[in-house]
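See structure below.
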Amino acid sequence: MISLRQLLQTLPGLRHPLDRERTASKWERIQITSVTADSRTVTPGALFVAVQGGAHDGHAYLADAFGRGAVAALGTVPADELAGRGGALPPDAPYLQVENSRLALAYASAALHGFPSRDLAVIGVTGTDGKTTTCTLVESILNVATRPAAEPGSQAEPYGLVGAVTTVAARIRGRESETGLHVTTPDAPEVQRYLAEMRDAGCRYAVIESTSHGLDQERVAAVAFDIAAVTNITHEHLDYHGTRDAYVQAKAKLFRALYTTPAKPGVPRCAVLNADDAGSYDALAAALAEEAARHGFTVPIWAYGLRADPEAAKRAVTQGELRVAATEVVYSPQETRLTLLWPEGELAVSTPLIGEFNVYNVACAAAVALALGIGTAAIRAGIAEMAGVSGRMERIDEGQPFLAVVDFAHSPASLERALHTLRPLVGVDDAGRAGRLIAVFGSAGLRDREKRGKMGEVSGRLADMTVITAEDPRTEDLNAINEAIAAGVRRANPQASYVVIPDRAAAIQAAVDMARPGDVVASFGKGHERSMCFGTTEYPWSDQEAMRTALVKRLAQERGRKLSP
């Protein structure tokens, strides 16, 4: 609980003077027990923040919020104009105008909880692909580094003093809760609540996955980040951001935030950049340079990258091109082995994660850990212990004679990386015939239209069979979406094999039914998500369950055929 006056003193862009008599008395007496931008969740004592979104204007729900027990409200519309926006206030209702209601929501939420991130070392991870995996790798390393030593004769505590908020789940010292139906950073009140729970649970570290939507909408604006890391930036979310530059600049907000974080004794500050990613490195380095000039100090950059040749990796580190280099990479279906080099040493690590993109994720996580001063033993063990993330190259095994995978790849670049990763895992059948790579995917409605054809082109080039299906069509025509993907397949390869099956369950079943020993069947785009949107309704959905159901059905049919006379 916090007084309205105390809370208002923390807000940026407040357009109401606090030095008048009524603000010194009336505002002090009002006690805030919660902060929300959703009038449906208002409880007595709440501060309601009116946010104008794409479909709804929160100012129209002010009366509803006060009717449910709100004791004060913030918004961007002057009080004398609210009636014209459908937001007439009850008599004497405390309403204050701010310049940016999303920013006010973030700071009000943080103030309610006493700015919990200022008591934690906070790592933010952004990028187009690999954010969740990299966050989970960092979390695993920090778990190993901070978990209590086992008492003699007792079992070791598996969780350390770390919490994480990703687009899959929030975990606080191992206790997990889901963060939503679709992949984005939770809203500011939830982010700050999770951070407060981490602080109160005795955590030392917080790892926050920071999406471009979350950054642009100020959901993490009041988080005191100490280390910011990026995986990559590719073609994605242009339906929302409009241009690639706007997308990159949304990501850059995470790095600019390093210059406004209050000093924390003993906590280093740095930016971890992918030196091999042309889509992010120069732009983010330029943003950091702008902030350095503005603030008069420099946040160091730790660059990481992959160099296949060990000597080239050593030169890159020695000459300062890279701070952390991954080299000597050996891939197998069961694990990936590699060596990490940095100026002070080297470390051989192994991970159950597969694919080159996961080598970059490992290098990024290791750079974060090294910047924090984490020891090499914890880094090695943390990387080895992280088995994977739901919906990220997740193997589904029901005893079938081929590999079945669920993966979240939903952009042209991530689909290409995923197919390149899976290609070496394609085998041969008992007759020596080469196996096939069978890709099942769609493209979301009301999202970037350009990527539909591009994803089709990727699959036309790299998959042996493409099964085109639904992926959150929303209010768009699913057939039109699928035809755009099919056109991309045909452009890339006029002889490519593909089929359009709009029903996603039927599409996955068809892919499983056509698979032979040695094949790889992979469904892309939904990953860990647990719903699919048709029209404006979210229906329960799980690619994992659909894949398991399809595999069980096929295996049962095969057993039935063998038993038939």
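With an 8 Å cut-off on Cα pairs and a minimum separation of 6 or more residues, tell me the relative contact order of the range 497-565 in percent.
Values: 41 pairs, mean separation 20.5, N = 69.
Reported as a whole number, the value is 30 percent.
Of Phe441, Phe115, Phe357, which has the most accessible area and how do the rest follow, probe 1.4 Å?
Phe357, Phe115, Phe441
Using a 1.4 Å probe and ignoring any ligands, DNA or RNA, find the accessible area of Thr475 and quote it in Å² to the nearest 10.
Roughly 90 Å² of Thr475 is accessible to a 1.4 Å probe.
Relative contact order, percent, of the range 430-565 when contacts are C-alpha pairs under 8 Å separated by at least 6 residues?
28
Report the one residue of Thr234, Gly320, Val220 whose Cα lies farthest in the direction of the positive end of the charge dipole of the chain (charges on C-beta: Lys and Arg +1, Asp and Glu -1; origin at the Cα centre).
In the chain, that residue is Val220.
Within the set of other residues whose C-beta is less than 12 Å from the C-beta of Ala263, count the net charge using Lys and Arg as +1 and Asp and Glu as -1.
Numbers: positive: Arg118, Lys264, Arg269; negative: Asp226.
In short, +2.
For the range 281-425, report the translational diffusion coefficient in µm²/s to the nearest whole number, using Stokes-Einstein at 37 °C, 0.692 mPa s, and a Kirkwood Rh over Cα pairs.
Numbers: Rh = 16.9 Å.
Answer from the Stokes-Einstein relation: 194 µm²/s.
Could you quote the convex hull projected area for the range 161-234, Cα atoms only and averaged over all directions, in nm²? List each step's numbers first, then the result.
Details: hull surface 20.2 nm².
Answer in nm², one decimal: 5.0.
For Arg337, Arg449, Arg554, give me the order by solvent-accessible area with a 1.4 Å probe, most accessible first, ignoring ligands, DNA and RNA. If you can, show how the numbers build up before the last one.
Details: Arg337 110, Arg449 150, Arg554 25 Å².
Heavy-atom accessible area, descending, gives Arg449, Arg337, Arg554.
Could you report the range 378-444's accessible area per residue, 1.4 Å probe, as an integer in Å²? All intermediate terms of the calculation are to be shown ahead of the outcome.
Values: 2450 Å² over 67 residues.
For the range 378-444, the per-residue accessible area is 37 Å².
Taking the Cα centre of the chain as origin and charging only Cβ (+1 Lys, Arg; -1 Asp, Glu), how large is the dipole, in debye to the nearest 20?
On the way: 58 positive and 66 negative charges, 56 e Å.
It comes to approximately 280 debye.
List the residues, sorted by chain then number, that are 5 or more residues from Met532 or on another chain and whose placed amide H is less than 5 Å from its amide H.
Tyr539, Trp541
At 222 nm, what helix-only mean residue ellipticity would the chain give, in deg cm²/dmol to the nearest 500, using -39500 (n - 2.57) for each DSSP H run of four or more?
Working: 18 runs with 204 residues, N = 565.
The helix-only estimate for the chain comes to -11000 deg cm²/dmol at 222 nm.
Would you mind checking the tilt of helix 101-112 against the longest principal axis of the Cα atoms of the chain, expressed as 0 to 90 degrees and rounded to 10?
80
Give the accessible area for Cys270 in Å² (nearest 10); use a 1.4 Å probe, count only protein heavy atoms, and leave out ligands, DNA and RNA.
Accessible area of Cys270: about 10 Å².
Where the eigenvalues come from the Cα gyration tensor of the range 445-565, what are the semi-axes √(5λ) of the equivalent ellipsoid, largest first, in whole Å? Could you put the intermediate results ahead of the total?
Working: eigenvalues 142, 78, 23 Å².
Each semi-axis is the square root of five times an eigenvalue, giving 27, 20, 11 Å.
Starting from the exponent 0.38 and prefactor 2.2 Å, build the expected Rg for the range 435-499 from its residue count and divide its actual Cα Rg by it.
Values: Rg = 11.0 Å, N = 65, 2.2 N^0.38 = 10.7 Å.
Against the empirical 2.2 N^0.38 Å value, I get 1.02 for the range 435-499.
Around Asp226, what is the net charge, scoring Lys/Arg as +1 and Asp/Glu as -1 over all other residues with Cβ under 9 Å from its Cβ?
On the way: positive: Lys264, Arg269; negative: none.
It works out to a net charge of +2.
Could you run the Karplus curve 6.51 cos²θ - 1.76 cosθ + 1.60 with θ = phi - 60° over the range 466-473 and give me ³J(HN,Hα) per residue in whole Hz, x for Gly and Pro?
My calculation for the range 466-473 gives 10, 10, 9, 8, 7, 8, 6, x Hz in order.
Using a simple charge model, +1 on the beta-carbon of Lys and Arg, -1 on the beta-carbon of Asp and Glu, nothing else, what dipole does the range 485-565 show about its Cα centre, in debye to the nearest 20? Walk me through the numbers before you get to the answer.
Values: 12 positive and 8 negative charges, 64 e Å.
Computed about the Cα centre, the dipole is about 300 debye.
So if I place +1 on the C-beta of Lys and Arg and -1 on the C-beta of Asp and Glu, and nothing else carries charge, what would the dipole magnitude of the range 399-503 be about its Cα centre? I want it in debye, nearest 20.
Values: 13 positive and 14 negative charges, 72 e Å.
It works out to roughly 340 debye.
Under a 1.4 angstrom probe, counting protein chains only, how are Tyr61, Tyr360 ranked by accessible area, largest first? List each step's numbers first, then the result.
Numbers: Tyr61 90, Tyr360 45 Å².
Per-residue accessible area, sorted high to low, gives Tyr61, Tyr360.
List the relative contact order of the range 310-369 as a percent without decimals, with contacts defined as Cα pairs under 8 Å and 6+ residues apart.
With pairs under 8 Å counted, the relative contact order is 28 percent.
Given the chain, what percent of its DSSP beta bridges are antiparallel, to the nearest 5?
40
Would you mind checking the tilt of helix 450-462 against the longest principal axis of the Cα atoms of the chain, expressed as 0 to 90 degrees and rounded to 10?
It works out to around 30 degrees.
In degrees from 0 to 90, rounded to the nearest 10, what is the angle of the helix 281-295 Cα long axis to the longest principal axis of the chain?
It works out to around 20 degrees.
Taking a probe of 1.4 Å, how large is the accessible area per residue of the range 215-339, in Å²?
Values: 5170 Å² over 125 residues.
I get 41 Å² per residue for this part.
Round to the nearest 10 and report in Å² the accessible area of Asp200, as given by a 1.4 Å probe over the protein chains' heavy atoms.
Here the accessible area works out near 120 Å².
Give me the percent of the accessible area of the chain that comes from carbon and sulfur atoms, probe 1.4 Å, all protein chains in place.
Details: 11520 of 22860 Å².
The nonpolar share, carbon plus sulfur, comes to 50 percent.
The values are calculated or read from the model by the stated rules, or taken from the named source; none is laboratory data. For clarity, every value in this text was computed on a predicted model and none was experimentally measured. Cβ sites come from the backbone with ideal geometry, for glycine too, and all protein chains shown count toward neighbours. What goes into the accessible areas is simple: the full protein's heavy atoms, side chains included, and nothing from ligands, DNA or RNA. Shrake-Rupley method; radii C 1.70, N 1.55, O 1.52, S 1.80 Å.
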